[in-house]
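See below for the structure under consideration.
The values are calculated or read from the model by the stated rules, or taken from the named source; none is laboratory data. Bear in mind that the values here come from a model prediction, so they are computed numbers and not experimental data. Reconstructed Cβ throughout: ideal geometry from the backbone, glycine too, with neighbour counts over all protein chains shown. SASA here: full protein model, heavy atoms, side chains in, ligands and nucleic acids out. Shrake-Rupley method; radii C 1.70, N 1.55, O 1.52, S 1.80 Å.
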Amino acid sequence: STEMRDLIPDGMNPDDNGYLPIPLPESMRRIQTSVSTFFEDTRTQLDWTGMDSTTLAGRVRFGNTQGHSLISVGSTTGDEGLLYILQDANRSSGTVSGTTATIDGLRTGTGNYTFEVWSTGADADVIGTITGVNLNAGRATFTLPDFDRDVMIKFRAAA
């Protein structure tokens with residue numbers, strides 16, 4: 001979160017460059033706090049320092065969308081990863097409910113997976129935790145908790 005701190009120099013003059021001229025608005029501060037909370041939360045115990053991941057592009061699909069248009073982006077090491085799912089507001093709206101997500105290409109033989117689903121935006125928090133998800137040929141399928149716009153997911157194989 002230090003990247004977004006107020007960078008106002010002690011002696012501001014017209015030649016200063018690269019500084020925010022005023023502090024961030026409260027709504028941006030709340031989102032900044034949410035990102036920091038997501039990163040610092042240790043329930044899933046992601047190894048942020050050793051995360052040498054590959055993209056999940058083309059490896060995530062959804063079932064039972066009930067007409068909702070979902071888009072995903074993410075990455076995984078095979079044992080752990082991150083997944084962002086958003087509802088394309090240009091094509092659908094309302095509560096996404098009972099939808100399943102399937103992720104291909106996870107490392108088999110690493111045990112059960114835990115998926116920690118977070119709300120996004122200001123005041124983000126965990127809205128659901130799915131534990132004990134077994135792989136089927138490197139594929140994990142789980143049911144998402146209800147959401148309206150988007151969710152961020154941390155996932156990790158049991159140690």
Taking 0.36 nm per intervening residue step and subtracting the Cα-Cα distance, what contour gain separates Val73 from Trp48 on full extension? 7.2 nm
Please work out how much length the chain gains when fully extended from Val126 to Thr100, using 0.36 nm per residue of separation minus the C-alpha to C-alpha distance, in nm with one decimal. 7.6 nm
Expected vector for the range 124-131, Karplus 3J(HN,Hα) from phi with 6.51, -1.76, 1.60 and θ = phi - 60°, integer Hz, x for Gly and Pro, equals 5, 7, 5, 10, x, 10, 10, 10
Under the rule of at least 5 residues apart or a separate chain, name every residue whose amide H is placed under 5 Å from the amide H of Leu70. Asp88
Whole-Hz Karplus couplings 3J(HN,Hα) for the range 145-154, θ = phi - 60° and coefficients 6.51, -1.76, 1.60, Gly and Pro as x, run x, 4, 8, 9, 10, 7, 9, 10, 10, 9
For the range 36-53, take each phi angle, set θ = phi - 60°, evaluate the Karplus expression 6.51 cos²θ - 1.76 cosθ + 1.60, and give the result in whole Hz per residue in order, putting x for glycine and proline. 5, 4, 4, 5, 7, 4, 10, 4, 8, 6, 5, 8, 4, 6, x, 7, 9, 10
Can you give me the distance in nm between label points at Arg149 and Gln66, each placed 7 Å from the Cα along the Cα-to-Cβ direction? 2.1
Mind grabbing the accessible area of Ile85 for me, 1.4 Å probe, Å², rounded to tens? 0
Rounded, prolate or oblate for the range 30-90? Axes are the square roots of the Cα gyration tensor eigenvalues, ordered a ≥ b ≥ c, and the cut-off for rounded is a/c under 1.5. oblate
